[in-house]
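Read-outs: derived from the displayed coordinates by stated rules, not from any lab. What you see is a predicted model, and the numbers here were worked out from it, not measured in a lab. Cβ: placed from backbone, ideal geometry, glycine included. Neighbour counts: every protein chain shown.
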Amino acid sequence: MNVLHPVHDRHACTACLRATPTGRQRHGHGEVLGRHLHRHAFAALVLSGRYVEAGDSGLHQVSPGDVLFHAAHERHLDRFGRHGSDVLVLPLPDTWQGAAHARAADPDRIATLAERDATDAVVELQRTLVAVAPANDDWPGLLARALLDDPTLSLQQWGDAHGLRAGSMSRGFRRVFELSPRSFRLHARTHAALRLLRGTRMTGAGIAHASGFADQSHMSRAVRAMTGLPASRLRPGRVPETA
């Protein structure tokens with residue numbers, strides 16, 4: 001099942017290949033990478049080991065063969081297991097949109113292709129991806145998924161429905177994601193707005209409403225804070241400057 005929006009040809013990845021470091025990365029026993037920003041889109045194919053990633057796309061527990069896709073301007077943290085992990089990083093166009101978590105049908109083939117040409121590896125990865133069912137997370141992961149599904153979600157109503165008080169919910173969520181549920185919701189709204197800015201010709205006011213912002217000016221401030229660019233620079237046909 002194809003869960004990645006197509007990279008139609010080799011030329012689609014030219015800019016991101018220049019902008020994003022690629023190749024194998026080794027992470028050691030028990031290594032922790034605190035919450036950090038990636039300005040450019042990329043895919044991370046797990047070749048060995050296991051780790052947990054908590055970030056703007058939710059909570060993911062990954063093992064060999066899993067692929068995590070990261071949109072431009074995403075933030076996340078990683079906690080690696082006792083055996084460490086080898087990860088193959090492949091660049092994606094910054095206009096990429098698609099599922100955050102999938103599986104590679106043949107990870108060894110992707111790794112072999114990447115040694116010769118990263119773009120060929122991305123195209124083959126896309127062609128052979130297998131969808132992954134959402135994990136049965138503890139409540140912080142479930143809350144993250146609910147906020148990604150509906151960035152207008154009321155935190156109080158969600159907490160009441162799950163027997164969680166506001167203070168306990170905030171502390172427990174922060175332990176996993178290194179930010180509060182309110183901040184996560186703002187990031188979810190901003191990423192939703194970015195997808196609509198890049199992929200549709202909706203009005204700014206329409207995008208703000210659809211992604212859960214109070215008004216267009218609030219959305220514009222959030223987009224600029226995340227990307228360093230005004231929302232108008234991210235519309236179809238515009239080429240944003242490298243941040």
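Would you please report the Å³ per residue occupied by the convex hull of the alpha carbon atoms in region 10-131? Show your work: numbers first, answer last.
On the way: hull volume 10.8 nm³, N = 122.
Once divided by residue count, the hull of region 10-131 is 89 Å³.
With semi-axes defined as the square roots of five times the eigenvalues of the C-alpha gyration tensor, the equivalent ellipsoid of region 139-234 measures 27, 13, 10 Å, largest first.
Using a simple charge model, +1 on the beta-carbon of Lys and Arg, -1 on the beta-carbon of Asp and Glu, nothing else, what dipole does region 101-234 show about its Cα centre, in debye to the nearest 20?
In total the dipole reaches around 620 debye.
The charge dipole of region 84-128, taken about its Cα centre with unit charges on the Cβ atoms of Lys, Arg (+1), Asp and Glu (-1) only, comes to about 160 debye. Only one residue of 113, 83, 184 has its Cα farthest out toward the positive end of the dipole of the chain, where Lys and Arg carry +1 and Asp and Glu -1 on Cβ, and that residue is 184. Placing +1 on the Cβ of every Lys and Arg and -1 on the Cβ of every Asp and Glu, with no other charges, gives the chain a dipole of roughly 720 debye about its Cα centre.
Can you give the helix-only mean residue ellipticity at 222 nm for the chain, where every DSSP H stretch with n ≥ 4 adds -39500 (n - 2.57) and the sum goes over all residues, rounded to the nearest 500 deg cm²/dmol? All intermediate terms of the calculation are to be shown ahead of the outcome.
Numbers: 9 runs with 95 residues, N = 243.
Only helices count here, giving -11500 deg cm²/dmol.
Over the C-alpha atoms of the chain, the Rg to Rh ratio, Rh being the Kirkwood estimate, stands at 0.96.
Put a dot 7 Å past the Cα of residue 183, heading toward its Cβ, do the same for residue 162, and the two dots end up 1.8 nm apart. Summarising the label geometry, the points placed 7 Å from Cα in the beta-carbon direction at residue 26 and residue 63 lie 2.4 nm from one another. In the chain, if the dipole is taken from +1 on Lys/Arg beta carbons and -1 on Asp/Glu beta carbons about the Cα centre, which of 45, 148, 23 is farthest to the positive end? The residue sitting farthest along the positive end of the dipole is 148.
Put simply, the Cα atoms of region 83-220 extend 50, 43, 22 Å along their principal axes, the longest span coming first. How far apart, in nm, are two points set 7 Å out from the Cα along the Cα-to-Cβ line at residue 138 and at residue 48? Distance between label points: 2.9 nm.
Projecting the Cα atoms of 100, 158, 122 onto the charge dipole of region 74-176, computed from C-beta unit charges around the Cα centre, puts 158 farthest toward the positive end.
Subtracting the Cα-Cα distance of residue 205 and residue 83 from their residue separation scaled by 0.36 nm leaves 39.0 nm. Rounded to the nearest whole Hz, the Karplus-based 3J(HN,Hα) values (6.51 cos²θ - 1.76 cosθ + 1.60, θ = phi - 60°) of region 153-165 follow the sequence 4, 7, 5, 5, 5, 5, x, 4, 5, 10, x, 10, 7, with x at glycine and proline.
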